[in-house]
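Everything on this sheet refers to the single structure shown next.
Nothing in this text is a laboratory measurement; each read-out follows from the coordinates by a stated rule. All values reported here derive from a predicted model rather than from experimental measurement. Neighbour counts are summed over all protein chains in view; Cβ atoms, including those assigned to glycine, are modelled from backbone coordinates with ideal geometry.
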Amino acid sequence: MSRQISSLLAIAAVCVTLAPAPAFAQAPKKAAPVDCEQVKCLALTFDDGPGKYAGTLLDTLKKYDAKATFFLEGQYVKSRPAFVKRMVAEGHEVGNHSYSHPDFTKSEPGTIRNEIKKTQDAVKKAAGVEPKLLRPPYGLADLQTADVATEFGMPMILWTAGSEDWASKNVDAIKKKTMEVAQPNGIILMHDWVKQTVDAMPALIKSLQKKGYHLVTVSDIVKGQNLQPGDIFPVPAGWEK
Ligand SMILES: [Zn+2]
């Protein structure tokens, strides 16, 4: 590089550094997207809601700048639409968890289709968006479930580990279990109808963040997986397609 060009570059660099900040820099800045291939990510997922404690949970998530994914049951979307609207407005992800929680592996395709469709419609009505991910009730799916999920263009999302909150219903046990099973790019199963889960959340989020976890949505976690409609993630033992 000639001396002339390099000194011009040096001047340019100084100019960039010294240039006054444009007025829009004063606006509240939007958080940069988290790259889960570079940093430690974890997705907390809450099933069967919106549960009656969803408002408190949303307050906590907001306070600690954490994102979550809610796999919603259509019947509760219908009865508690304001929570769903808030979830979407505050940057959380909403997924489809059927309308009334039947076991899809024991259901006719028409029933599965109806359960998914009614929930898509209810979420759309409540929050103006349609879920892109399906979590089959009980985490149970078969090839027939996969076919119907494909019709809706949705991959199916299970979990890497559970908090066992519904079984323990104990704040300390929920914290302990979740800290034990947390792993980079993990997907944790929880429930916002379990009061103790919502009570555990402030301390739990603090502990996870202290361990370096960024609490993100499921879509952030699976970004690199190239999931197709009807795919299941993580792939359960014995699953063949
Ligand atoms: Zn469920």
Checked against the positive end of the charge dipole of the range 34-233 (+1 on Cβ of Lys and Arg, -1 on Cβ of Asp and Glu, about the Cα centre), the farthest of Gln75, Trp193, Trp159 is Trp193
Magnitude of the Cβ-charge dipole (Lys and Arg +1, Asp and Glu -1) of the chain about the Cα centre, nearest 20 debye, reported as 940
Given pairs Lys62/Lys125; Lys85/Lys132; Lys40/Lys169; Lys78/Lys106; Lys62/Lys210 and cut-off 20 Å on Cα-Cα distance, the over-length ones are Lys62/Lys125; Lys40/Lys169; Lys78/Lys106
Output ordering of 92-100, 187-195 (per-residue mean of other Cβ within 10 Å, highest first) is 92-100, 187-195
Once the in-chain neighbours fewer than 8 apart are removed, the aspartates and glutamates whose Cα is under 20 Å from Lys118 read Asp47, Asp48, Glu73, Glu93, Asp103, Glu108, Glu130, Asp147, Glu151
Quick shape check on the range 81-179: root eigenvalues a ≥ b ≥ c of the Cα gyration tensor, a/c under 1.5 is rounded, otherwise prolate if a/b tops b/c, else oblate, and it reads oblate
For the range 38-107 the mean separation of alpha carbon contacts under 8 Å (6+ apart) over residue count, i.e. relative contact order in percent, is 35
Shape descriptors of the chain over alpha-carbon atoms, Rg and Dmax in angstrom, are 21.3, 76
Taking a crude spin-label model, label points 7 Å out from Cα along the C-beta direction, the Val39 to Asp121 distance in nm is 4.1
Treating only Lys and Arg (+1) and Asp and Glu (-1) as charged, each at its beta carbon, one finds that the range 202-241 has a dipole about its Cα centre, in Debye to the nearest 20, of 320
Taking a label point 7 Å from the Cα of Lys176 along Cα-to-Cβ, the residues of the range 208-241 whose backbone nitrogen sits under 19 Å from it are 208
Note to self: C-alpha centroids of the range 185-241 and the range 32-111 sit apart, in Å, by 11
HN-Hα couplings for the range 49-62 via Karplus (6.51, -1.76, 1.60; θ = phi - 60°), in whole Hz with x for Gly/Pro, come out as x, x, x, 5, 9, 4, x, 5, 4, 4, 4, 5, 4, 5
